[in-house]
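Here is the structure we will look at.
Please treat every number below as a calculation from the coordinates, not as lab data. Since this is a predicted model, take the numbers as computed values, not measurements. Neighbour counts run over all protein chains shown; Cβ positions are idealised from the backbone, glycine included.
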Amino acid sequence: MKYVIGNWKMQLSEAASTELAKQVAARLVVPPAGVTVVVCPSFSALEAVHPVLVGKPIALAAQDVFWEEKGAYTGEVSPLTLKELGVEFCLVGHSERRQHLGETDEMVNKKVHALLGAGIHPVICVGETADERAAGKQDSVVITQVRSALAAVAPVGTQKILIAYEPRWAIGTGKAAAPADAAAMHSIIRETMYELLSEDYVNRQCAILYGGSVDATNVAGFLAAENVHGVLAGGAALKAEEFAKLVEVAGEK
Ligand code: PGA
C-alpha cells in the first residue's frame with residue numbers, strides 16, 4: 001500500500017477547501033489500486049469538505065488534535081469531535097507545530113494515544129533541522145522522536161500508525177532531500193518501530209512516508225526508494241492537477 005497525503009495547512013478558506021476537494025475528487029474517480037489518498041484541510045473546513053469526499057476514494061484527515069476527549073481546554077479540538085466529522089487520519093507533531101507552537105515529544109505521544117483511542121490513524125511527523133543534520137545528529141534526533149511518540153503505544157486490530165519523515169529544512173523550501181538520504185532515514189525509522197512494536201504489526205499496518213518539497217517532478221524518485229511507502233505533500237497538494245499526478249505516480253510504483 002502506498003499513501004499520498006495532502007497537507008493543506010492554513011492556506012485555504014472553507015470555500016477554497018471545498019472547491020479543491022471537489023477538484024481532487026473529480027480527478028480521482030478511480031484512483032490506482034493500492035494507493036490510499038488522504039487530504040488534511042484545516043479544522044474549520046473539515047465539516048464542509050467531508051460531504052464532498054463521502055463515497056469517494058479519498059480519506060479525510062485533520063492537521064492536529066488535543067489529547068483529552070473533553071473538558072476545559074480552550075481552543076483545543078477533541079479526538080471525538082474529529083471522529084464525528086468523519087476524520088480517519090490525523091497529523092501529529094508536524095514540524096511547524098513543534099517550531100511555532102512549542103509542541104514537544106511528550107505532547108505528540110499523548111496525541112498518538114488519544115487518536116488510537118478514538119479510532120483515528122495517527123500520521124506522526126518527525127525530522128531533523130538543518131543544524132542537526134550539519135552536526136550529523138539526524139539519526140539520533142529522529143530515533144528519539146519516534147521512540148517518544150510511540151512510548152507505551154500498543155495498537156490493536158486494524159489501527160494503523162504512519163510516520164512521516166519530514167526533514168525541517170526541506171519543508172516548503174523547494175529543497176527536497178535526496179531519495180537515498182530519505183531511504184536511509186526510513187530504514188532507521190523502521191528499525192526503531194520494530195523495537196517498539198511487533199515486526200508483524202509494523203509490516204502489516206504501518207507505513208513510512210517522506211515529506212518536504214515533494215512535487216510531480218521528484219515524487220517518482222522517492223516512491224522508488226526502499227522503505228518509502230508514500231509521500232506527505234504541502235505545496236503540491238494545493239493544486240488538484242499536481243496532487244492527482246502524485247497519486248498517479250504512486251499507482252505505478
Ligand atoms: P511542502 O510541505 O510539501 O510544502 O514542503 C510538506 C509538509 O509540511 O507536510
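Some notes on this structure:
- Annotation note: Cβ proximity below 7 Å between a residue of the stretch 96-124 that is surrounded by 20 or more Cβ atoms within 10 Å (Cβ to Cβ) and a residue that is assigned to a loop (DSSP other than H, G, I, E, B) and basic (Lys, Arg) (sequence gap 6+ or interchain) occurs for HIS121/LYS160.
- Filtering the stretch 90-114 to residues that are in contact with a Leu (Cβ under 8 Å, 6 or more places away or on another chain) and more than 16 Å from the ligand (Cβ to nearest atom) leaves ASN109, VAL112.
- Checked against (1) crowded, with 17+ Cβ neighbours inside 10 Å; (2) in contact with a helix residue (DSSP H, G or I) (Cβ under 6 Å, 6 or more places away or on another chain), ARG133 passes all but condition (2).
- Among (1) closer than 25 Å to ASP64 by Cβ; (2) surrounded by fewer than 17 Cβ atoms within 10 Å (Cβ to Cβ) - the single one ALA178 does not satisfy: (1)
- Residue in the stretch 213-236 that is away from the ligand (no atom under 13 Å from the Cβ) and part of a strand (DSSP E or B) present: no
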